[in-house]
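The structure under discussion appears below in the form of structure tokens.
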Amino acid sequence: MELDTLNNFAEKDPGGGRIKFGPAQILIFGFLGLIAAGTALLMLPISTTSRVVTPWLTALFTSTSAVCVTGLVVENTLAYWSLFGKIVIILCIQIGGLGFMTLVSMIFVVTGKKISFKNRLLMQEALSFNTTSGVVKFTLLIVKLTLLIEGIGALCLSFVFVPEYGFVTGIWYSIFHSISAFCNAGFDLVGNNSLMPYVQNEWFSYSIMILIILGGLGYTVWLDTYNVLKTKSELAEHFTWRQTFYKLSLHTKLVWIITIVLILGGFIFFFIAEYNNPATLGSLSFADKITAAMFQSVSPRTAGFNTLALDELTLGSKLMTVMLMFVGGSPAGTAGGIKTVTLGVLVLCAVSVLKGDSSVVVFKKKISTDQILKSLTIMTIAILIVMIALTILTFSEDATFIELLFETVSAFATVGLTLGITSSLSFTGKLVIIALMFIGRVGLITVGVALIVRAAKNPVGLQYPEEKVLVG
């Protein structure tokens with residue numbers, strides 16, 4: 001969405017002098033409201049197993065982690081929170097994963113209220129949709145597909161949890177982990193070791209991986225892929241798979257290619273780096289090594305589950321995990337990070353510069369200058385935020401640099417993986433991580449636009465002289 005369009009709703013009303021907040025600001029206030037509600041509910045004695053009032057910072061941290069679908073926790077989810085508390089957490093995850101405006105839209109539809117143009121703009125911003133046309137229908141489709149996928153995921157996981165925990169508890173665990181995986185949240189009810197007890201369960205591991213990948217692809221990719229495949233099935237004799245791929249939008253092509261490259265690249269790296277590490281893959285069978293290495297490649301983008309002991313990974317594997325977390329998933333999905341397409345655009349831009357091309361072209365389509373500048377802005381702001389937060393944590397926390405870097409990127413990319421320092425963070429450290437999770441979920445551009453209440457406008461046609469500077 002253009003900055004001017006967003007800011008049109010963030011100016012003073014000439015008649016009443018009131019401030020009209022734009023879509024970006026409203027989205028931020030919406031998420032803050034959800035976090036506040038979650039915090040209040042989690043502070044209630046009924047939310048804990050010991051029936052005590054939860055400290056406000058612990059409740060705030062947990063609520064933020066749930067709404068921002070991160071998964072970092074200061075208290076063990078299974079042991080500390082009661083059934084009521086766990087329900088609050090999973091509802092926060094579901095609402096946070098779908099998005100604040102998706103919930104509002106559903107309420108409007110159920111109550112039969114008309115959705116205004118301003119609310120359509122909000123929905124467009126929240127879903128990274130290109131236009132307001134069809135955004136309501138698209139939102140309803142997202143909800144239906146989400147519930148369908150989570151239901152199928154819960155059914156698959158029930159084959160593992162029901163035999164282990166009994167029917168009622170097994171179904172509850174299946175639903176909880178299916179929602180948590182699809183929303184890329186990383187909350188679990190297994191215990192202190194995440195999903196490590198299931199490292200040798202291929203059915204469980206691949207079920208979780210598929211949910212993570214589907215949630216991280218982005219809703220627009222689902223729709224585009226479905227429409228193209230539907231067309232192919234109707235005209236099978238006229239379409240080869242190569243032609244089918246080229247009928248996908250440029251965005252969908254980039255998402256699929258970069259996602260597959262990152263997953264396979266990460267898998268190969270972890271498989272080789274950890275193959276002989278007795279604390280991770282070393283003691284597993286060859287088939288289990290493949291499954292565990294694949295899970296370790298998928299989860300950092302950006303689910304927060306782990307089937308291997310993260311603190312026992314080699315230093316190289318920890319750094320690779322940090323890089324995968326920083327990239328994250330794809331736009332218009334439940335994942336965080338700078339996003340796959342952002343990375344893809346920057347790589348393509350670099351390749352074009354090295355080749356001496358005047359524009360960035362891929363699959364015979366030119367990427368606009370606006371998109372390149374937006375990608376550069378996201379990358380620059382992301383690096384600055386991580387560096388500032390990391391610097392603060394080096395002063396406030398008693399931990400190694402790799403532990404702090406891991407925690408910082410995990411929070412910013414809303415991943416939820418940790419090397420074990422979350423529960424021991426200081427007051428300052430917890431506030432820093434809370435801020436990182438919020439910024440990572442709401443989005444860099446949304447936060448940036450929200451802070452610009454009135455954008456400085458360049459007069460139409462005004463051009464400034466160009467002058468070169470030395471770079472590199």
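Here is how the numbers come out for the structure above:
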{"item": "Residue selected from segment 301-317 under the condition closer than 19 Å to T422 by Cα and open to solvent by 30 Å² or more (accessible area, probe 1.4 Å), by the criterion farthest from the chain's Cα centre (by Cα)", "result": "E312"}
{"item": "Residues of segment 288-343 classified as closer than 20 Å to A181 by Cβ and either touching a Pro at 6+ places or on another chain (Cβ under 7 Å) or polar (S, T, N, Q) (or both), total", "result": "14"}
{"item": "Qualifying residue in segment 305-313 (condition: aromatic (F, W, Y) and assigned to a helix (DSSP H, G or I))", "result": "no"}
{"item": "Options L103, L60; residue that is within 23 Å of the chain's Cα centre (by Cα), part of a helix (DSSP H, G or I), modelled with pLDDT under 95 and of a type outside the set (S, T, N, Q)", "result": "L103"}
{"item": "Considering residues of segment 118-168 that are within 18 Å of P331 (Cβ to Cβ) and touching a Lys or Arg at 6+ places or on another chain (Cβ under 9 Å) only, the residue modelled with the lowest pLDDT", "result": "T132"}
{"item": "Search result, residues across segment 38-76 that are surrounded by fewer than 23 Cβ atoms within 10 Å (Cβ to Cβ) and either touching a Lys or Arg at 6+ places or on another chain (Cβ under 9 Å) or at positive phi (or both)", "result": "P45, R51, L57, T58, L60, V74"}
{"item": "Qualifying position, being at pLDDT 95 or above and of a type in the set (G, A, S), among G316, G304", "result": "G316"}
{"item": "Residues within segment 260-288 that are touching a Lys or Arg at 6+ places or on another chain (Cβ under 9 Å) and part of a helix (DSSP H, G or I), tallied", "result": "4"}
{"item": "Filter result for the condition that a residue is hydrophobic (A, V, I, L, M, F, W, C), open to solvent by 40 Å² or more (accessible area, probe 1.4 Å) and in contact with an Asp or Glu (Cβ under 6 Å, 6 or more places away or on another chain), over A350, A279, A287", "result": "A279"}
{"item": "Unique match (being open to solvent by 60 Å² or more (accessible area, probe 1.4 Å) and either within 17 Å of C156 (Cβ to Cβ) or free of Cβ contacts under 8 Å to residues at least 60 places away in the same chain (or both)) among S233, S249", "result": "S233"}
{"item": "Counted residues, segment 319-330 - those being modelled with pLDDT of 95 or more, out of contact with any helix residue (DSSP H, G or I) (no Cβ under 6 Å at 6 or more places or on another chain) and buried (at least 24 other Cβ atoms within 10 Å of the Cβ)", "result": "1"}
{"item": "Residue within segment 428-450 that is at pLDDT 95 or above and surrounded by fewer than 15 Cβ atoms within 10 Å (Cβ to Cβ) present", "result": "yes"}
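Residues are listed down the side, and each one gets a yes or a no for (1) closer than 20 Å to D224 by Cβ; (2) open to solvent by 10 Å² or more (accessible area, probe 1.4 Å); (3) at pLDDT 95 or above; (4) touching a Leu at 6+ places or on another chain (Cβ under 7 Å):
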residue: G336; (1), (2), (3), (4): no, no, no, no
residue: K339; (1), (2), (3), (4): yes, yes, no, no
residue: L354; (1), (2), (3), (4): no, yes, no, no
residue: S358; (1), (2), (3), (4): no, yes, no, no
residue: F363; (1), (2), (3), (4): yes, yes, no, yes
residue: K374; (1), (2), (3), (4): no, yes, no, no
residue: M387; (1), (2), (3), (4): no, yes, yes, no
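So that you can scan it fast, the table gives a plain yes or no per residue for (1) open to solvent by 60 Å² or more (accessible area, probe 1.4 Å); (2) under 19 Å from G96 (Cα atoms); (3) charged (D, E, K, R); (4) more than 19 Å from the chain's Cα centre (by Cα):
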position	(1), (2), (3), (4)
F159	yes, no, no, yes
G166	no, no, no, yes
Y173	no, no, no, yes
A185	no, yes, no, no
V190	no, no, no, yes
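The values are calculated or read from the model by the stated rules, or taken from the named source; none is laboratory data. This one's a predicted model, so the numbers in the text were calculated from it and none came from an experiment. Glycine also receives a Cβ, built like all others from the backbone with ideal geometry; neighbour counts cover every protein chain displayed. Note: areas computed on protein heavy atoms with side chains; ligands, DNA, RNA excluded. Shrake-Rupley method; radii C 1.70, N 1.55, O 1.52, S 1.80 Å.
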